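Written out below as structure tokens is the structure these notes cover.
The values are calculated or read from the model by the stated rules, or taken from the named source; none is laboratory data. As the structure is a prediction and not an experimental result, all values here were calculated from the model. Cβ: placed from backbone, ideal geometry, glycine included. Neighbour counts: every protein chain shown.
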Amino acid sequence: MGNLCEGRVAVVTGAGRGIGREHALLLAENGAKVVVNDLGGDAAGSGTDLSPAQEVAGEIEAMGGEAVVNGANVADFDAAGTMVQQAIDTWGRLDILVNNAGILRDRMVFSMSESDWDAVIDVHLKGTFAPAHHAAVHWREKAKSGDYAPEELFGRIINTSSPSGIYGNVGQCNYGAAKAGIAAFTVISAMELVRYGVTVNCLAPGAFTRMTSGLAGWESMDEETREAMSPRWIAVPTVWLCSEAAQNVTGRVFDVHGSQLGIAEQWHLGPTAVQPDDPADLTDVMAGLMADAQLNSDMQGMPAEGPGRPGRGL
């Protein structure tokens with residue numbers, strides 16, 4: 001199909017199904033060799049099964065590409081390091097890391113157990129940090145070795161946030177908190193790694209997958225809408241961001257909803273005022289700030305009012 005990633009070596013986590021599968025396949029179609037990682041659990045994170053990752057690796061090999069399978073739990077710090085090293089040991093290099101693995105355990109905050117909270121934070125947030133840490137160590141050591149000219153340094157990290165994390169969605173306080181953390185992790189690590197030739201970007205995807213098929217409004221989608229929301233759309237900007245053309249694009253969160261591609265702009269300081277020193281005198285000041293502030297976004301990224309959302313006044 002193309003050669004945007006010709007000769008590159010990529011690790012894709014959660015690559016056995018859904019969005020991760022499309023990342024792995026489209027990277028391979030564009031010339032990358034791929035470590036196909038997937039623990040193979042269900043949507044809630046239970047169980048293991050290597051067959052989805054094996055099937056994707058088989059598809060890559062059938063198209064003439066190269067792939068190896070990895071079944072590591074990405075939230076296991078040492079296992080994540082072994083996964084990164086597998087790419088280096090197999091092909092002698094690492095160029096791309098796509099952090100995509102995730103689970104869902106949706107509950108209202110008053111119904112959420114500690115284990116529901118911990119599992120989601122662990123897989124999403126630590127499961128992004130751990131592989132990124134090991135990849136960053138490798139790229140930093142490569143840059144500091146003195147064996148490479150600045151233009152030869154190349155690294156790409158693509159993380160996965162969510163509209164739930166950057167806009168907010170009822171029933172997903174664990175998932176949203178993890179995904180918001182991933183967006184912040186992206187912005188900060190982009191600044192930390194730029195000197196080593198590494199870019200770090202993030203996707204907030206909307207796609208019809210095993211993970212979203214049971215969500216309100218998604219389970220009743222007709223076939224045409226499901227096709228329009230194919231996870232393959234999410235892989236398109238991923239592959240471009242992993243190319244040479246994206247060398248100066250870093251620290252961005254991209255909202256990808258089917259064929260619609262946008263940039264989710266981070267928190268900005270809105271209206272300000274001078275505080276009185278007595279809380280009892282703060283009402284009028286706060287009313288003015290609330291009236292002037294932009295509304296929080298809905299799941300489409302548009303300002304919206306509603307129950308539990310800040311309005312234009314007190």
Look at the range 265-299 and say how many of its residues are closer than 30 Å to Asp255 by Cα and without any contact (Cβ under 8 Å) to a residue 24 or more places away in the chain.
11
Counting only residues that are surrounded by fewer than 18 Cβ atoms within 10 Å (Cβ to Cβ) and either in a loop (DSSP other than H, G, I, E, B) or without any contact (Cβ under 8 Å) to a residue 12 or more places away in the chain (or both), how many does the range 52-70 have?
6
Filter result (within 16 Å of Gly20 (Cα to Cα) and buried (at least 24 other Cβ atoms within 10 Å of the Cβ)) within the range 73-82:
Val74
Checked the range 3-27 for anything in a loop (DSSP other than H, G, I, E, B) and under 14 Å from the mean Cα position of the chain (by Cα); matches are Thr13, Gly14, Ala15
Please determine whether any residue of the range 146-160 is within 26 Å of Gly206 (Cα to Cα) and of a type in the set (Phe, Trp, Tyr).
no
Among the residues listed as Thr48, Thr13, the single one being among the β-branched types (Val, Ile, Thr), in the same structural domain as His134 (by TED's automatic domain parsing) and in contact with a strand residue (DSSP E or B) (Cβ under 7 Å, 6 or more places away or on another chain)
Thr13
Please find, within the range 109-131, the residue that is surrounded by the most Cβ atoms within 10 Å (Cβ to Cβ) out of those that are within 16 Å of Ala184 (Cβ to Cβ) and of a type in the set (Val, Ile, Thr).
Thr128
Could you list all residues from the range 58-107 that are acidic (Asp, Glu) and modelled with pLDDT of 95 or more?
Glu59, Glu61, Glu66, Asp76, Asp78, Asp89, Asp95
For the range 140-162, does any single residue satisfy the condition of being more than 23 Å from Gly40 (Cβ to Cβ), out of contact with any Leu (no Cβ under 9 Å at 6 or more places or on another chain) and crowded, with 17+ Cβ neighbours inside 10 Å?
yes
Expected output for the range 139-151 (first residue outside the structural domain of Thr199 (by TED's automatic domain parsing), partner in a loop (DSSP other than H, G, I, E, B), Cβ below 8 Å, 6+ apart or cross-chain) is none
Kindly check whether there is at least one residue in the range 280-290 that is acidic (Asp, Glu) and not assigned by TED's automatic domain parsing to the domain that holds Gly206.
yes
Residue within the range 2-24 that is of a type in the set (Gly, Ala, Ser), touching a helix residue (DSSP H, G or I) at 6+ places or on another chain (Cβ under 9 Å) and surrounded by fewer than 19 Cβ atoms within 10 Å (Cβ to Cβ) present:
yes
List the residue pairs whose Cβ atoms are under 6 Å apart, where the first residue sits in the range 92-115 and is more than 17 Å from Gly165 (Cα to Cα) and of a type in the set (Val, Ile, Thr), the second is modelled with pLDDT of 95 or more and part of a loop (DSSP other than H, G, I, E, B), and the two are 6 or more positions apart or on different chains.
Ile96/Arg8; Ile96/Cys242
Going through the range 260-295 in order, the residues found to be farther than 26 Å from Ala190 by Cβ and among the small types (Gly, Ala, Ser) are Ala273, Ala280, Ala287, Gly288, Ala291, Ala293
Residues in the range 86-139 that are among the charged types (D, E, K, R), in contact with a Lys or Arg (Cβ under 7 Å, 6 or more places away or on another chain) and assigned to a helix (DSSP H, G or I) total 1
Please enumerate the residues belonging to the range 61-120 that are over 18 Å from the mean Cα position of the chain (by Cα), closer than 22 Å to Thr199 by Cβ and small (Gly, Ala, Ser).
Gly81, Ala87, Gly92
